[in-house]
Amino acid sequence: MKKQYAWLLALSLVLSMFLAACSGGDKETADDGKKPADEPKVEQTLNFINGDTIPSMDPSLGTDEYAFQFLGATMEGLYRLDESGKPTDGIATEHKVSDDGKTWTFTLREDAKWSNGDPVTANDFVYAWQRAVDPATGSEYGPYMMGGVIKNATAVNKGEVPVDQLGVKADGDFTLVVELENATPYFESLTTFGTFLPLNKKFVEEKGDTFATSADTLLSNGPYKFSTWTSTAQEWELVKNETYWDAKTVKLEKMHYVVVKDPQTAVDLYEKGEVDRAGLSSDLVDQYATHDDYTVEPDTSVFYLKLNQTKNKALANVNVRAAISRAFDKQALVDEILNNGSIVANGLVPKDFVPTPDGKDFREVSGDQVTYDVKKAKEFWEKGLAELGTKEVTIELLGGDAEVSKMMNQYLANQLSTNLPGLKVTLKEVPFEQRLELDTAMDYDMQFAGWGPDFLDPYTYMNLWLTDGGNNQMGYSNPEYDKLVNDTATTLATDQEARFKNFLKAEKILFDDAAIAPVYQRATALLVSPKVQGVFTNPFGATYEYKWASVGAAE
């Protein structure tokens, strides 16, 4: 969602992960000229701020940036991402791919354990993947991530074949055999994602409905584990998982988290030395842009307005949607509301994400699909109102309740109401988890949302809007779009040139239909202490990787 990466990666306009450390004392030297005493060790403890509560820690049910961040910290799949964003050994040590690209055989390490001491086996992956597509589980990401990829995943999820017909089998305890529907060149990167994590069947079934609702009902097989956490917690703690197969590499002993939604509060904590990383809102950027610790972190997450065609009659009209998508000043929004390095988005696939086969950036080749243009917006608006037989329309905008989210919501509502005569925009601002629930239920008119990539391919964005897709949740459907996108994963799976031509055509159709209204591509302005070491920003999936993190000594 970005990544990640959910990518429906829920909106967190200021996702702030904040790190802190205790510094060691001064080096002491004995008066008698003896060897200096050992310098005190730096306490390997980090204090983080999270933007909201964690909606779910169940790998089968996670759908958002927070869930995948903490799943990534506490669990491990076949592979995980390294410093360069490439898959490196996790529970798997190697794999082989058949000549037709459809059968992948993974060799698993024999020293991997769950935090209760049980071995991590191939059967744990079989159980978890079957559970993710089993219709009884109610997973959104299972069918989304595995459908059309793992053999029979879609058929299993539709109840057409039994769950044991999913294309994943254990050949003994430490060999996993996966059959794919089609050759999928990016499948290795998929295995790093949270939905593909293993689960201990005995433990999950023993906990029943309480599984993954607290620290006591979770098992970890990754670098860290929860020592305190509940599903409604505003504060929690992770500690080093001593049973992790590569525990010797993990230097951090503890990570403490507290929910803070206000950027000023976060910066106050930074100034006090209580945290070592703080996200900055627009006004704070102006104040801290010359600070030695100031940095801007680019991102490939894209934010947009989802326009639900099923609940509000006006949004079922393509001209109304086309008007909305052109009626707000995006440049002013990124310059004044965000002011953090974010850039205007005039399409879906982000800038500097993936190159086309001839080496050009996808966004450059596709160009601007929809731009701010009040004149055109009003022309579409007048056509839409005439077709609806009305002069006034009321639309509710669903958004987050964090401070910057509220500023964003108010700005958009004002722009739309001002530039489209007869439009009244009301606001519904709710906590992160509630917004996800409303999205799933399609209980909204217009929603501010975002998506970070789950793997390095345009498909991670383009498949969001397939008819009845698990992340569509707004009633959009276009058979031509469906065919173009589906062909990239089936008949054209190994033809990169043809795939990208399809992606380019599909993106144009998406905006000809005014399915969504792109707003911006995210960047984050931060204050980061030089004491923070070894924290990697992932190109997709969990936002940050902390396996190799450490706290350096204070200077």
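Semi-axes of the equivalent ellipsoid for segment 320-403, computed as √(5λ) from the eigenvalues of its C-alpha gyration tensor and ordered from largest down, come to 29, 19, 11 Å. Distance from the alpha carbon centroid of segment 392-437 to that of segment 326-341 works out to 15 angstrom.
Kindly identify segment 62-146 as rounded, prolate or oblate by the Cα gyration tensor criterion: order the square roots of the eigenvalues as a ≥ b ≥ c, call it rounded if a/c is under 1.5, otherwise compare a/b with b/c, prolate if a/b is larger, else oblate. Because its axes are fairly even, with a/c under 1.5, segment 62-146 counts as rounded. Taking the accessible area of the chain, probe 1.4 Å, and keeping the other protein chains in place, the carbon and sulfur fraction comes to 46%. Dipole size of the chain about its Cα centre, with +1 on Lys/Arg Cβ and -1 on Asp/Glu Cβ: approximately 1160 debye, rounded to the nearest 20. When the charge dipole of segment 208-297 is built from unit charges on Cβ atoms (+1 for Lys and Arg, -1 for Asp and Glu) and taken about the Cα centre, the candidate among Pro223, Thr295, Ala266 whose Cα reaches farthest toward its positive end is Pro223.
Across the options Val519, Asn486, Pro530, the greatest Cα extent toward the positive end of the charge dipole of segment 485-554 (unit charges at beta carbon of Lys, Arg, Asp, Glu) belongs to Pro530.
Calculated over the chain, the projected area of the Cα convex hull averaged across directions stands at 27.2 nm².
Residues whose amide H comes within less than 5 Å of that of Val168, counting only those at least five positions distant or on another chain, are Glu179 (H built at 1.01 Å from N in the peptide plane). Largest accessible area first, the listed residues Thr195, Thr105 line up as Thr105, Thr195 when surface is computed with a 1.4 Å probe on the assembled protein chains. Converting phi to 3J(HN,Hα) with the Karplus coefficients 6.51, -1.76 and 1.60 and the offset θ = phi - 60°, segment 436-443 yields 4, 5, 5, 5, 4, 7, 6, 9 Hz in sequence order, with x at every glycine or proline.
Considering only Cα atoms, the convex hull volume of segment 461-505 works out to 68 Å³ per residue. Taking amide H atoms as placed 1.01 Å from N in the peptide plane, the amide H of Ala523 lies under 5 Å from those of Ser342, Ile343, each 5 or more residues away in sequence or on another chain. Expressed as a fraction of 2.2 N^0.38 Å, the value expected for a compact globular protein of N residues, the C-alpha radius of gyration of segment 375-428 is 1.25. Put simply, the convex hull of the Cα atoms in segment 377-490 casts, on average, a shadow of 8.8 nm². Quick check on segment 488-552: take the gyration tensor over C-alpha atoms, sort the square-rooted eigenvalues as a ≥ b ≥ c, and tell me if it's rounded (a/c under 1.5), prolate or oblate. Judged from the Cα gyration tensor, segment 488-552 comes out oblate (a/c at least 1.5, b/c at or above a/b). His95 contributes about 50 Å² of solvent-accessible surface, heavy atoms of the protein only, 1.4 Å probe.
All C-alpha pair distances within segment 416-555, sorted into 10 Å bins from zero, spread as 9, 27, 30, 21, 11, 2, 0 percent across the bins.
Put Met57, Met407 in order of accessible area, highest first, and with a 1.4 Å probe you get Met407, Met57. Its convex hull of Cα atoms gives segment 86-214 a direction-averaged projected area, equal to a quarter of the hull surface, of 8.1 nm².
Taking N as the number of residues in segment 218-277, what is its alpha-carbon radius of gyration divided by 2.2 N^0.38 Å? Provide the component values of the computation, followed by the final result.
Working: Rg = 14.1 Å, N = 60, 2.2 N^0.38 = 10.4 Å.
Output field value: 1.35.
Over the chain, accessible surface divided per residue gives 39 Å², non-protein components excluded, 1.4 Å probe.
Annotation: amide H-H contacts under 5 Å for Gly85 (H modelled 1.01 Å from N, sequence separation of 5 or more, or interchain): none. Label-to-label distance for Glu497 and Glu110 is 4.8 nm, based on points extended 7 Å past Cα in the beta-carbon direction.
Going by a ≥ b ≥ c, the root eigenvalues of the Cα gyration tensor, does segment 41-99 fall in the rounded group (a/c under 1.5), the prolate group (a/b larger than b/c) or the oblate group? Since a/c reaches 1.5 but b/c is at least a/b, the shape of segment 41-99 is classed as oblate. Under 25 Å of direct C-alpha separation, and excluding same-chain neighbours fewer than eight residues apart, Lys391 reaches these lysines: Lys306, Lys311, Lys313, Lys375, Lys376, Lys378, Lys383, Lys424, Lys428.
Each Lys and Arg contributes +1 and each Asp and Glu -1, all at the Cβ; summed about the Cα centre of segment 352-486, the dipole is approximately 560 debye. Modelled spin-label separation between Asp262 and Glu387, with each label point placed 7 Å from Cα along the Cα-to-Cβ direction: 4.6 nm.
The values are calculated or read from the model by the stated rules, or taken from the named source; none is laboratory data. All figures in this text were calculated on a predicted structure; none of them were measured in a lab. Because the Cβ atoms are built from the backbone with ideal geometry, glycine has one as well, and the counts that use them run over all protein chains shown. Areas reflect the complete protein model, heavy atoms only, side chains present, ligands, DNA and RNA absent. Shrake-Rupley method; radii C 1.70, N 1.55, O 1.52, S 1.80 Å.
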